[in-house]
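What follows is one structure encoded as structure tokens, with my remarks underneath.
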Amino acid sequence: MIKSVLKTSVILFILGLTSGCISQQQLDSVEAAAQSASRSAAAAMSAAEAAQASADATQATADAAQRTADRAMQAAMDAQDSSNTNWERLERMFKKSMEK
């Protein structure tokens, strides 16, 4: 964006010089507009970089949360397996005691 603004400003400046109908006031106006556009583009770039950094941090947090959720799910599944094993053992013990 900065390059296109500067290119446009340079082209306008050259056209003005070659046509011979540009005043110092117009030249100053074009230069001020180019500088303003350059500052705006730099500010936009800075904001975009800050937004990208924030998005990267958010993604890292989301990834960590997903890993935690995955570990919790595995722990829950392991607990369910253990519960099922214990239930089956108790069921066998109950059946044996009922046979006596």
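Here the simple spin-label model places points 7 Å from the Cα toward Cβ, and for Ala64 and Ser36 these points are separated by 4.4 nm.
Please work out how much length the chain gains when fully extended from Met98 to Ser82, using 0.36 nm per residue of separation minus the C-alpha to C-alpha distance, in nm with one decimal. Here the segment from Met98 to Ser82 would lengthen by 3.3 nm.
Where a number appears in this text, it was derived from the coordinates with a stated rule and is not lab data. Note that the structure is predicted; figures quoted are calculated from it, not measured. A quick note on method: Cβ atoms are made from the backbone with ideal geometry, for glycine too, and the neighbour counts reach across all protein chains shown.
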